[in-house]
Amino acid sequence: MEQNKSTQANTKKDLNWAELGFQYRPTDYRFRASFVNGQWTEGELITSEMISVHEGAPALHYAQQCFEGLKAQTAPDGRVLLFRPTLNAERMRQAATRLLIPEVPEELFIRGVEAAVRANYPWIPPHGSGAALYIRPMLIGVGENLGLKPAKEFEFRVFVSPVGPYYQSAGLAVISLAVSDLDRAAPSGTGNYKIGANYAGGLLATRLAQQLGANEALFLDAAQRRYIDEAGSANIVVAMRGGRFVTPSSSAVLPSVTRRSIMTLAENELGLTIEQRPIDLRKEIDEFEEVAACGTAAVVSPVGRIWLDSKWHSFYGGGEQAGPVMQKLYELLVGIQRGELADTYGWTHEV
Ligand code: PLP
Ligand code: COI
């Protein structure tokens, strides 16, 4: 009887894994811990996907909230792997400090993520499906409060959802970006933190970019509108003619876990010279051989075209196909994340 139960708990859901888009799909459990009376509770798994908060909650009025995004993937031998989750824990602590939210200790963050993943085993896409379990940790100010001051109570929640590719396409989607006339983040603002406030302001930019036929907005630095910052949901990397592999340095860009990993792979595995420096878009765009947007959701998405100053600029292969550098980086990154390639960097974390 017990055996039947556990076999059932370990049976995968009957989903068309290859057809999943990037959208919310309710799963069985989520993890919740509360910060009350100056400390975090132990945390627990719950079944309700709803959160009940006070109408005066600072998360709702003043955007006192931050979040994270990471994925669990199934290896060929059935192990379930996270990718560098302690970096997400660290980034959430940095965002919390910036927003006067009590930090979620690394131990609680990792335990919450692991618990939510394990409890939803039937929803973790199988190896070879191309899909992943997206994990969304979030930290919100829930205690009632009207004046502009930090909440006294907070909720840390982790929910998961099986997802397919962020940009609709099997495998490597070639996308396009449109340089936005709107700014995402000020140089000494909050662009380098993963907080909801940055994203609300970007929704209109995304819509305008899509009206131009692009997938996403590309933001320039807000001070001079000259240097590349990042896309709405991903960092940018560029393979320049001549072999250098460059990514913007900017105080207003989210420190992407994917980008840090790709830069390491470009240098160590592809032997490219890597640089992190301001990229002057108008001056340098003709030197771009290959461009990609990178992130947990975006993975490595080659950018075929960029809309700038009322015209399209295209890159490798006329903007129609992935170039060899981004193709190789995609294969290396995804190979490690899915446990298909040796994890020589110690990046995967078995759940
Ligand atoms: N930049 C923005 C604005 C993002 O939302 C994301 C997604 O998390 C990234 C970059 C990529 O970061 P990561 O690779 O850690 O997912
Ligand atoms: C992620 O890549 O994890 C993100 O948070 C991007 C999000 C806008 C979907």
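Some points to look at:
- Only listed residue being touching a helix residue (DSSP H, G or I) at 6+ places or on another chain (Cβ under 7 Å), farther than 23 Å from W40 by Cα and touching a residue at least 40 places away in the same chain (Cβ under 8 Å), chosen from P137, P162, P150: P162
- Pick from segment 71-87, criterion in contact with a Pro (Cβ under 9 Å, 6 or more places away or on another chain) and of a type in the set (S, T, N, Q), ranking: nearest to ligand 1 (Cβ to nearest atom): Q73
- For segment 92-120, a residue qualifies if it is surrounded by fewer than 18 Cβ atoms within 10 Å (Cβ to Cβ) and in a helix (DSSP H, G or I), and the qualifying residues are Q94, T97, R98, E106, E107, R111, R118.
- Being in a strand (DSSP E or B) and not β-branched (V, I, T) is a condition met by no residue of segment 333-344.
- Against the list (1) over 30 Å from G56 (Cα atoms); (2) within 14 Å of ligand 2 (Cβ to nearest atom), the condition R184 fails is (1).
- Counted residues, segment 277-296 - those being assigned to a strand (DSSP E or B) and either of a type in the set (D, E, K, R) or loosely packed, with under 15 Cβ neighbours inside 10 Å (or both): 3
- Residue match in segment 83-91 (condition: more than 16 Å from ligand 2 (Cβ to nearest atom) and either assigned to a loop (DSSP other than H, G, I, E, B) or surrounded by 15 or more Cβ atoms within 10 Å (Cβ to Cβ) (or both)): no
- Residues being near ligand 1 (Cβ under 10 Å from one of its atoms) and either within 17 Å of M138 (Cα to Cα) or in contact with a Cys (Cβ under 9 Å, 6 or more places away or on another chain) (or both) - total across segment 196-205: 2
- Members of segment 199-231 that are in a helix (DSSP H, G or I) and free of Cβ contacts under 8 Å to residues at least 40 places away in the same chain: Y199, L203, L204, A205, T206, R207, L208, Q210, Q211
No value in this document is a laboratory result; all are computed from the given coordinates. Bear in mind the structure is a predicted one, so any value in this text is a computation, not a measurement. Neighbour counts are summed over all protein chains in view; Cβ atoms, including those assigned to glycine, are modelled from backbone coordinates with ideal geometry.
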